[in-house]
Amino acid sequence: MSDAAAKEQEVRPKALPPRPRPGVSRDTEFFWKGCMKHELRIQQCEGCERLTHPPVVRCPECGSYEFGYLVASGAGTLYSFVEPVHPPMPFMQYPYIVGLVELAEGTRLITNLVDIDLEEVRIGMPLALTFVQTDPELILPMFRPA
Ligand code: ZN
């Protein structure tokens with residue numbers, strides 16, 4: 001190995017194993033397909049228009065089994081957050097932040113906050129949707145400061 005190659009190996013962070021992939025069902029497929037198209041799709045009841053996330057089989061409001069979806073605008077605010085530290089997960093780059101984001105449309109989503117340091121995170125801060133490709137077959141919706 002050349003000196004340059006050895007130096008490169010020292011500097012570059014070791015590649016992480018891919019994140020576990022979601023279990024995709026008939027009821028959640030629309031959401032994951034939306035992610036691949038950079039759309040944040042929120043399940044919407046066709047009976048009463050209630051938004052629900054994560055997707056459900058039956059509307060908790062009116063009991064309908066008929067659903068469509070709404071494409072979220074991507075605007076939201078931070079409702080709560082946590083910095084997970086234990087147990088360590090080999091597929092995550094530490095530190096990272098898990099946020100509970102209240103979408104402008106009125107429902108909430110658990111996601112990751114990106115492009116921000118923990119010290120800058122504030123409850124109620126405005127956030128904007130972004131999509132992050134976490135492996136060749138998975139794109140996840142995440143949020144950054146607006
Ligand atoms: Zn309903």
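Fully extended, how many nm does the chain gain between Phe91 and Tyr79 (0.36 nm per residue separation, minus their Cα-Cα distance)? Gain in length upon complete extension: 1.8 nm. Farthest towards the positive end of the charge dipole of region 20-146, among the residues Leu100, Gly47, Leu78, is the Cα of Gly47, using unit charges on the Cβ of Lys, Arg, Asp and Glu.
Normalised by the number of residues in the chain, the average gap of Cα pairs under 8 Å and 6 or more apart makes the relative contact order 20 percent. When chymotrypsin sites (Phe, Trp or Tyr not before Pro) are flagged only if DSSP places them in a loop and at most 13 other Cβ atoms lie within 10 Å, the longest unflagged stretch of the chain comes out as 1-64. Per the Debye calculation on region 43-93 with a single equal scatterer at every Cα and no solvent contribution, log₁₀ I(q)/I(0) for q = 0.19, 0.25 Å⁻¹ amounts to -0.74, -0.89. Relative contact order for region 38-113: 27 percent, from Cα pairs under 8 Å spaced at least 6 residues apart, divided by residue count.
Summing Cβ point charges (Lys, Arg +1; Asp, Glu -1) relative to the Cα centre of the chain gives a dipole of roughly 240 debye. Here the simple spin-label model places points 7 Å from the Cα toward Cβ, and for Thr52 and Met36 these points are separated by 2.5 nm. Within region 39-146, what percent of beta bridges assigned by DSSP are antiparallel, to the nearest 5? About 95 percent, rounded to the nearest 5. Accessible surface for the chain, divided over its residues, is 64 Å² per residue with a 1.4 Å probe. Rg and Dmax over the alpha-carbon atoms of the chain stand at 18.2, 67 Å. Once each of the trypsin sites (Lys or Arg not before Pro) sitting in a DSSP loop with at most 16 other beta-carbon atoms within 10 Å is removed, the chain keeps 59-121 as its longest stretch.
The values are calculated or read from the model by the stated rules, or taken from the named source; none is laboratory data. What you see is a predicted model, and the numbers here were worked out from it, not measured in a lab. As a convention, Cβ positions derive from the backbone with ideal geometry for all residues, glycine included, and neighbour counts pool all protein chains shown. Heads up: the accessible areas ignore ligands, DNA and RNA and are worked out on the full protein's heavy atoms, side chains in. Shrake-Rupley method; radii C 1.70, N 1.55, O 1.52, S 1.80 Å.
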